[in-house]
Amino acid sequence: MENNYSNLFNVNGDVSLKQSLPLAFEHLIAMIAGCIAPTLIFAGAAGLDNADSILLVQMSLIGSALTTLLILFGPARLIGNKLPMIYGVSFSYVPTMIALAGQFESLGAKNIVAIVLGAQLIAAVVSMIFGYALKYVLPYFPPLVAGTVVLSIGLSLYPVALNYMGGGGDLSMPGWGAWQYWFIAGVTLLANIIFTHFGKGMVSLASVLLSMIVGYILAYFMGYVNLTPVSEASWFSVVRPMYFGIKFEPSAIAAFIIIFIVSCIEGIGDMNSTTIGGMDRPATSDELRGGIIGFSLANIIGAFIGTLPTATFSQNAGIVSINKVINKKVFTTASIMILIAGLVPKFSSLLLTIPYPVIGGATLSVFAAITMNGIRMITSQPLSMRNTYIVGVSIAIGFGFTQVVSGAHNAGVTFMPESLEVAIGSSPVVLTTLFAFFMNILIPEKEEDKQIKN
């Protein structure tokens, strides 16, 4: 394998299209549902009609591709970091966007989108300032804190994978949890295990993609693949920047600034997850700063062209951790494919026919890899009483409080303002990050607590 594929493990290595294409497609498949689903959820909450929803999906894919290319090829030390990562419209913003859709329902669907894009624009400017000031902030995010953030990201993605394996969508929907869904997901997961640990060469490297193909074929013969939307979709569609416009609402801007800063911190975790998993080293301060600045600039541009907020994609960072492929051509090819999916509705429609159980079964191991990267970062510092306390309490509060908020919400109980609930109660990563950050500052560090030097 080393002689044939060694350049795949080099950022600038010379690889053929035959080698890069399947690995690029693997990244496309891993991100496509996670990129489109938040857009569709928000489009439904805002009340957009079918044509406007399709346009928003197109811009989500196009903007995600442009964000990835900007960060891959942006001028070093200024914009981007050239790290092998994929960016896309993030679930992190969904609870906030849904809350804004309810708050401004009377203004109409297009105005709701305009308010979101306006909040995105201002929040992205703030996150860019955060990126420029990162050298002053970074000392407060040692591997113990960053690792705790990565660990929380991985753990928070497990329910997503299991939800997909059971059928995806709302747990209360008819048929969720049917044995057929679990069977398809189980076969896909088994195929992933076999390809990863018993395959050779490209079979092992593209294990996520190959396991999806196995699951897709099984789902097709079991009658769970509907190709009708593909035949009805057009071959090409022109996008329209500024179609929704931009509006500024202070409450929306305040909520988005909080989520953007949290996304920056999650991005630090994902960038570290990528470099540790694929390059056996933590990300440098220049890489972290360039990534945040590039991500912020892309979101400023996205506000004008109609792309909802983008962020680093943890599932793709997990793929890098599994197959160690970091070649730039793979990620460039993946970005071009994402761009094509946005410009060619028929192609994006084909990708959307992949059943949720297939995606869940194939990506469970990816989320596990993210979790283990967090553990590796945490254990680079001694597991002293102070350090284990910070990690344990942060995770407990982050995940415990989210469960309480979710349970109270389902029971119709309100015990905090909706804006605060959206900000800190919708994702365990937010509170986990805040508590790890502040406890690391407030609890004195002794010599026995400091990072292990290799």
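The values are calculated or read from the model by the stated rules, or taken from the named source; none is laboratory data. The structure displayed is predicted, hence computed values, not measured ones. Cβ sites come from the backbone with ideal geometry, for glycine too, and all protein chains shown count toward neighbours. SASA here: full protein model, heavy atoms, side chains in, ligands and nucleic acids out. Shrake-Rupley method; radii C 1.70, N 1.55, O 1.52, S 1.80 Å.
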Checking ARG376 against (1) farther than 28 Å from LEU189 by Cβ; (2) in a helix (DSSP H, G or I); (3) open to solvent by 60 Å² or more (accessible area, probe 1.4 Å): exactly one of these is not met. Which one?
(1)
Failed condition for MET97, given (1) modelled with pLDDT of 85 or more; (2) under 27 Å from ALA30 (Cβ atoms); (3) not acidic (Asp, Glu), with all others met?
(1)
Would you point out the residue of the range 274-297, among those that are among the small types (Gly, Ala, Ser) and open to solvent by less than 10 Å² (accessible area, probe 1.4 Å), that is nearest to LEU66 (Cα to Cα)?
GLY294
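Confirm whether VAL325 is surrounded by 24 or more Cβ atoms within 10 Å (Cβ to Cβ), not in a helix (DSSP H, G or I) and not small (Gly, Ala, Ser).
Details: surrounded by 24 or more Cβ atoms within 10 Å (Cβ to Cβ): yes; not in a helix (DSSP H, G or I): yes; not small (Gly, Ala, Ser): yes.
So VAL325 fits the description; yes.
Report, by residue number, each residue of the range 299-317 that is of a type in the set (Gly, Ala, Ser), touching a Phe, Trp or Tyr at 6+ places or on another chain (Cβ under 9 Å), more than 17 Å from ILE261 (Cβ to Cβ) and open to solvent by less than 10 Å² (accessible area, probe 1.4 Å).
Result: GLY306, single match.
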Residue check: is MET271 under 25 Å from LEU339 (Cα atoms), over 17 Å from the mean Cα position of the chain (by Cα) and either at pLDDT 80 or above or surrounded by 23 or more Cβ atoms within 10 Å (Cβ to Cβ) (or both)?
no
How many of the residues in the range 347-368 are under 15 Å from HIS27 (Cα atoms) and of a type in the set (Gly, Ala, Ser)?
4
Given the criterion open to solvent by 10 Å² or more (accessible area, probe 1.4 Å) and either farther than 22 Å from ALA24 by Cβ or among the aromatic types (Phe, Trp, Tyr) (or both), identify the matching residue among SER127, SER156.
SER156
PRO84 versus (1) touching a residue at least 24 places away in the same chain (Cβ under 8 Å); (2) open to solvent by 10 Å² or more (accessible area, probe 1.4 Å): which is the lone unmet condition?
(2)
Residue that is farthest from GLY318 (Cα to Cα) [pool: residues in the range 22-45 that are open to solvent by 10 Å² or more (accessible area, probe 1.4 Å) and modelled with pLDDT of 80 or more]
PRO22
Tell me the helices (runs of 4 or more DSSP H) entirely within the range 120-202 that contain at least 3 residues that are among the hydroxyl-bearing types (Ser, Thr, Tyr) and modelled with pLDDT of 80 or more.
143-165, 179-198
Considering only residues of the range 274-300 that are more than 19 Å from the chain's Cα centre (by Cα) and part of a helix (DSSP H, G or I), which is farthest from LYS110 (Cα to Cα)?
MET279
If you check ILE397 against the conditions, is it surrounded by fewer than 20 Cβ atoms within 10 Å (Cβ to Cβ), more than 30 Å from PRO229 (Cβ to Cβ) and touching a residue at least 12 places away in the same chain (Cβ under 8 Å)?
yes
Of those in the range 3-20 that are touching a helix residue (DSSP H, G or I) at 6+ places or on another chain (Cβ under 6 Å) and either more than 23 Å from THR275 (Cα to Cα) or modelled with pLDDT of 75 or more (or both), the residue most open to solvent (accessible area, probe 1.4 Å) is ASP14
Whether any residue in the range 334-355 is more than 30 Å from GLU232 (Cα to Cα), of a type in the set (Ser, Thr, Tyr) and part of a helix (DSSP H, G or I) is what I want to check.
no
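Against the condition in contact with a strand residue (DSSP E or B) (Cβ under 6 Å, 6 or more places away or on another chain), modelled with pLDDT under 85 and on the phi < 0 side of the Ramachandran plot, how does SER90 come out, does it pass?
Numbers: in contact with a strand residue (DSSP E or B) (Cβ under 6 Å, 6 or more places away or on another chain): yes; modelled with pLDDT under 85: yes; on the phi < 0 side of the Ramachandran plot: yes.
The answer is yes for SER90.
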Flagged in the range 421-442 as open to solvent by 40 Å² or more (accessible area, probe 1.4 Å) and either touching a Ser or Thr at 6+ places or on another chain (Cβ under 6 Å) or at pLDDT 90 or above (or both), in numbering order, are PHE435, PHE438, ILE441, LEU442
